[in-house]
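Worksheet: the structure to be examined is printed underneath.
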Amino acid sequence: MTGAIPPALTRATNWLMVLPTRIYPVLDWFIPANIRRDNAAHQRARMFLISHVFGPFLGNTITVYLYLLDPNPGIGVHVIAASITAFWLFPFLLRLTGWYNLLAVLSIQNLTFVVVWGCYHYGGVSSPFLPWIPAIPLLAFFYLGSGTWQRVLVLGQLGINLFIIYAIYAQGVSFPVHVPYPGANLDLELQKLSGIGIISTVCAAIYVSMMALYYANIVASQSELEREVVLHLSTARQLQAAKIEADRANQAKSEFLAKMSHELRTPLNAVIGYSEMLLEDAKAKGRDSQRDDIARIHSAGKHLLSLVSDVLDLSKIEAGKMEVYPERVELADFLKDVAAGLEAAVSANGNRLELAFPPRLGVVETDTAKLRQALASLLNNAGKFTRNGVVTLGGTIRDGWMELSVRDTGMGISPEKVVNLFQNFGEMPGATASKYGGTGLGLPLSQKLCNLLGGDIGVESTIGKGARFTIRVPTKCRQNDLPQPAPVNFPVRSPADSASPKVLLIDDDPAALDLVQRMIAKEGYVPIRAQGAREGLTLAWNDRPAAIVLDVEMPGLSGWDVLLTLKADDELRDCPVILVTSNDDVHKSRLLGASAHLVKPLDREALLFLLKQFCPIAGAAAKEQPVALAS
């Protein structure tokens, strides 16, 4: 039996702890909305109501005992009973008036009056009501808080009431004696009176304990809330630190991409450029055995360039650094141009490239460079995985969307492999990859490029019958929120005035200067070399070239600085400037007034075509095509 007491006490304590929370809905009915909006005031109001709902039950046990003890109860006990019962009116007054602070002060005054009145009528300093005096300041703290004015008010109330009683006593007025009443057994009645002292002490202890438990419940809730706040603050600090670290990593990644793009493309520029010139020399001199070896070097350089471009483009897209630059183009002409550029690659395995679209499809507005890159990847894949078959390029425009399809009659793709087809390095595994080559970056990059244009890529395939990839992108692509460059018109020199036009080459890399010098000298241009930005500006002011080929990535003054300086000069602002960069900075080039933009490694044909547009050589007929910024 003894062992069962501690669990029973624990259950009782837990029940008392959660009891207030079970009656919260009833208590909140009495609390006005303006008090509920303030959490601290709301908790004090709940405590106020709990004490006024349960307190009178405990207080009236004393009045009942007094009624039973005194067969002729007088005004003293009637006033005590009425005052204690009046506590039940306070919740309704709070709901009706909303005057919480005033009612709290009146309630404390009422309790003080009951205690003092009871001491006056029943025993003075030995009164059974005396144990309730410590509850007065405690309730004041629960009801009104622990501010200075609250302490002064409560202590002042208690002091005034005690002073009144003391003043009455000091005037010689004796305390009335209700128990023992006249004629009663003195010893027996005194024993009964001592019993009420015990009852009063127990009731006061229960009352104070009840309020203390409720307050402990509030403190525990606040402690839990504080722990949650501390936890959330810690999480916020961790998130902030993670964001700072992510921003730092993103910045480092951007710097890495810019640097690696320059460092990788610059040597590739030399490999591809020199191999092209060596191929021409070998062809001109009939060195067929050398041509094959040089062609392999040239092909390997092109393949490495493709890998580097794919990796860098993927990294730029994932870092959110790739931008979209829409331009208007006739879709059918665009598809014909793409097909012409890829026909040789598709036909390498004995395939036939067919076009399945009408002569005119309509004008679209999209980033043609990125769309071309995605289509080229699909056509290359179709030609690579098809032997002696047919690759068909189709296109339609429907409901504001263009659908471009690449269909082949190759081996097809199994359904389980389609799932991972657009993941990085998700190309055909094992023997297939070893037979046909590839890194698995083409399709993931194509899909990300289409996503960047607001569309996607779909695939349908049947094993043994081939596959069909469909690009679906909007006909009007949303452009990045960047300022739009004004159109720039550059004067084109007359061939009669340009027998041997001077072309200024500005680059910090001697090998790159040698390469471009040899490219343009063979076509009749007079190259002027400048190894660095400052030397380039000096030569531009002194020699007044017909065109300038300007590298962007240079130490000290960059190519952007040189371009700004040239455009600020009244005599040089109309000189065509062809920018050469390792990055796709087309929009910035346009904004700063560049005539054209080429990406390393230099395409020899593209460079010569631009030079012939800007400064044609007498006797050399340039093709009549519009000058555009290459991307």
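The values are calculated or read from the model by the stated rules, or taken from the named source; none is laboratory data. Computed from a predicted model, the values in this text were never measured in an experiment. Counting neighbours? That spans all protein chains shown, and the Cβs are built from the backbone with ideal geometry, glycine included. For accessibility, only protein heavy atoms count, side chains too; no ligands or nucleic acids. Shrake-Rupley method; radii C 1.70, N 1.55, O 1.52, S 1.80 Å.
Can you give me the relative contact order of region 244-318 as a percent, contacts being Cα pairs under 8 Å and 6 or more apart? The partial results should precede the final answer.
Working: 28 pairs, mean separation 28.7, N = 75.
After rounding, I find 38 percent.
For the pair residue 451 and residue 23, how long in nm is the line joining their label points, each one 7 Å along Cα→Cβ?
Placing both labels 7 Å along Cα→Cβ, they lie 6.0 nm apart.
Ignoring everything but the protein chains, give the 1.4 Å probe accessible area of residue 100 in square angstrom, nearest 10.
Taking all protein chains as shown, residue 100 has close to 20 Å².
At 7 Å along the Cα-to-beta-carbon direction for both residue 263 and residue 88, put a label point, then send me their distance in nm to one decimal.
Once both label points are built, they end up 8.8 nm from each other.
How large, in percent, is the carbon and sulfur part of the accessible surface of region 496-623 at a probe radius of 1.4 Å? Provide the component values of the computation, followed by the final result.
Values: 2430 of 4920 Å².
C and S fraction of accessible area: 49 percent.
What do you get for Rg/Rh of region 496-623 when both radii come from the Cα atoms and Rh is the Kirkwood radius? Don't jump to the answer; show the numbers that get you there.
Details: Rg = 13.4 Å, Rh = 14.4 Å.
Computed over Cα atoms, the ratio is 0.93.
When the label point is put 7 Å from the Cα of residue 463 along its Cα-to-beta-carbon vector, which residues of region 373-387 have a backbone N closer than 15 Å?
none
I'd like the FRET efficiency for residue 417 and residue 242, computed as 1/(1 + (r/R0)^6) with the beta carbon distance as r and R0 of 35 Å, rounded to 0.05. Before the final figure, lay out the partial values.
Details: r = 36 Å, r/R0 = 1.04.
Once rounded, the FRET efficiency stands at 0.45.
Sequence neighbours fewer than 8 away in the same chain don't count; with that in mind, list the aspartates and glutamates whose C-alpha is under 17 Å from residue 612.
Leaving aside aspartates and glutamates fewer than 8 places away in the same chain, those within reach of residue 612 are 497, 523, 574, 603, 624.
How far apart, in nm, are the 7 Å Cα→Cβ label points at residue 544 and residue 567?
A separation of 2.3 nm, rounded to one decimal place.
Pairs of lysine in region 244-318 with Cα under 28 Å and at least 8 positions apart or on different chains: total? If you can, show how the numbers build up before the last one.
Working: 253/302; 253/316; 259/302; 259/316; 283/302; 285/302; 302/316.
Qualifying lysine pairs in region 244-318: 7.
Order 44, 37 by their accessible area, 1.4 angstrom probe, all chains in place, largest first. All intermediate terms of the calculation are to be shown ahead of the outcome.
Working: 44 75, 37 185 Å².
Reading off the accessible areas and sorting them downward yields 37, 44.
Report the one residue of 445, 473, 353 whose Cα lies farthest in the direction of the positive end of the charge dipole of region 328-474 (charges on C-beta: Lys and Arg +1, Asp and Glu -1; origin at the Cα centre).
My answer, from the dipole projection, is 353.
Could you tell me the accessible area of residue 50 in Å² (1.4 Å probe, neighbours in place), rounded to the nearest ten?
The accessible area of residue 50 comes to roughly 10 Å².
Could you run the Karplus curve 6.51 cos²θ - 1.76 cosθ + 1.60 with θ = phi - 60° over region 323-332 and give me ³J(HN,Hα) per residue in whole Hz, x for Gly and Pro?
Using θ = phi - 60°, the values come out as 10, 10, 10, x, 8, 7, 7, 6, 4, 5 Hz.
Over region 328-474, what is the mean sequence separation of C-alpha contacts under 8 Å (at least six apart), divided by residue count, expressed as relative contact order in percent?
That works out to 24 percent.
Which links in 448/567; 384/522; 336/600 stretch past 29 Å when you go from one Cα to the other?
Working: 448/567 37 Å; 384/522 36 Å; 336/600 25 Å.
Table pairs above 29 Å Cα-Cα are 448/567; 384/522.
Within straight cross-link reach of residue 465, meaning Cα distance under 18 Å, which aspartates and glutamates are found once same-chain residues fewer than 8 apart are removed?
354, 408, 416
Pulled fully out, how much extra length does the chain show between residue 337 and residue 68, if you take 0.36 nm times their separation in residues and subtract their Cα-Cα distance? Provide the component values of the computation, followed by the final result.
On the way: separation 269, 0.36 × 269 = 96.84 nm, distance 11.25 nm.
Here the answer is 85.6 nm.
Quick one: grab the alpha carbon gyration tensor of region 309-409, order the square roots of its eigenvalues as a ≥ b ≥ c, and give me rounded if a/c is under 1.5, else prolate or oblate depending on whether a/b is larger than b/c.
Numbers: a/c = 2.31, a/b = 1.19, b/c = 1.93.
The shape class here is oblate.
Amide H of residue 553: which non-local residues (sequence gap of 5 or more, or other chain) have their own amide H closer than 5 Å, using H built in the peptide plane?
Excluding prolines and chain starts, which carry no amide H, the hits are 559, 582.
If the cut-off is 16 Å between C-alpha atoms, which aspartates and glutamates fall inside it for residue 476, apart from same-chain ones fewer than 8 positions away?
323, 327, 330, 365, 367, 399, 403, 456
What FRET efficiency do you get for residue 396 and residue 531 if R0 is 45 Å and r is their Cβ-Cβ distance, rounded to the nearest 0.05? Walk me through the numbers before you get to the answer.
Working: r = 52 Å, r/R0 = 1.16.
Efficiency, from the Cβ-Cβ distance: 0.30.
How large is the accessible surface of residue 368 in square angstrom, using a 1.4 angstrom probe and rounding to the nearest 10?
20
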